[in-house]
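What follows is a short report on a single structure.
Derivation of every value follows stated rules applied to the coordinates shown; laboratory data play no part. Since the model is a prediction, treat every value here as computed from it, not as a measurement. With ideal geometry, Cβ positions are generated from the backbone for all residues, glycine too; neighbour counts draw on all protein chains shown.
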Amino acid sequence: MDILVTGGTGTLGRALVERLRHDGQAPRVLSRSAGEGRDVGDLRSGAGIDDAVRGADVIVHCATAPRGDADTTRTLVDAAARAGRPHLLYVSIVGIEGVPLPYYRGKLAAERVVAGGPLPWTILRATQFHDLLATMFAAGSRTGVLPVPAGTPFQPVDVTDVAARLAELAVGPAAARVADLGGPQVRDVADLGRAWLAATGRRRRVVGLRLPGKIARGFRSGAHTAPEHADGTVTFEQYLARS
């Protein structure tokens, strides 16, 4: 099976490529820069995309950016449609309708491009990665305390769990919107922050800040969690121990 992974050099893309290889596949990686096993192409300009998608049976679209996800996804869909009808598998984020973050709005727009396009498609939504929370805590702790949004739950999931599910979906038929994938635990972000401090040996006071606005309210509501789909296997502490 010819599997092309966009964003194959990113956090999730690398984990997915590794998992596919472990499963006996030989995925190709779409990247803006040349390298071994890479197909060079730029989704922003469209350069090289027609050549990259040619012959693909499945395209797993992991590439993302702070802005313009819908435009780059449309570029990919149009090129893939010219090349044939490969199965397009798109990874998105849980709860993007309930949290009006601009990045989430872009992911939702990209989902609509996928679902409204001419290709057979599958969309998997996942909760936030462990890596995202660790990065957030590392940045916040530079102030001498650890500020966190008060009363806000998170359900972080490990990229290896998401990669395993994507690898399973990639070799199956197009399935439209599949069940969300959440991490194994829904926890208050302050509790996760204390776990991060303990694992990294930092001494900080965790300070909960009640942030104003619709975005903060969306996160406090838990719209970005999927407690009914707590199918991930790696806890935040296990991720920290491994890291």
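Is the range 187-243 rounded, prolate or oblate when judged by the Cα gyration tensor, a ≥ b ≥ c being the square roots of its eigenvalues, rounded requiring a/c under 1.5 and prolate requiring a/b larger than b/c?
The shape class here is oblate.
Scanning the chain for GluC sites (Glu not before Pro) in DSSP loops with at most 16 other Cβ atoms within 10 Å, what's the longest stretch left with none?
98-243
Which of the trypsin sites (Lys or Arg not before Pro) found in the range 112-220 are in a DSSP loop and have at most 13 neighbouring Cβ atoms, other than their own, within 10 Å?
Those satisfying the criteria are ARG202, ARG203, ARG205, ARG210.
Classify the range 108-243 from the C-alpha gyration tensor, please: rounded if a/c falls under 1.5, else prolate or oblate depending on whether a/b exceeds b/c.
Prolate, since a/c reaches 1.5 and a/b exceeds b/c.
How large is the dipole of the chain about the Cα centre if only Lys and Arg carry +1 and Asp and Glu carry -1, each at its Cβ, rounded to the nearest 20 debye?
Here the chain has a charge dipole of around 1060 debye.
Report, in whole Å, the centroid distance computed from the Cα atoms of the range 76-92 and the range 2-19.
Using only Cα atoms, the two centres lie 16 Å from each other.
Out of GLY10, ALA52, LEU197, whose Cα points farthest toward the positive end of the dipole of the chain (charges: +1 Lys, Arg; -1 Asp, Glu; placed on Cβ)?
Comparing the listed Cα positions along the dipole, LEU197 ranks first.
Helix 130-140 versus the longest principal axis of the chain: what is the Cα-based angle in degrees, 0 to 90, to the nearest 10?
50
Arrange the following residues from fewest to most other Cβ atoms within 10 Å of their Cβ: ILE3, ILE215, ILE93.
ILE215, ILE93, ILE3
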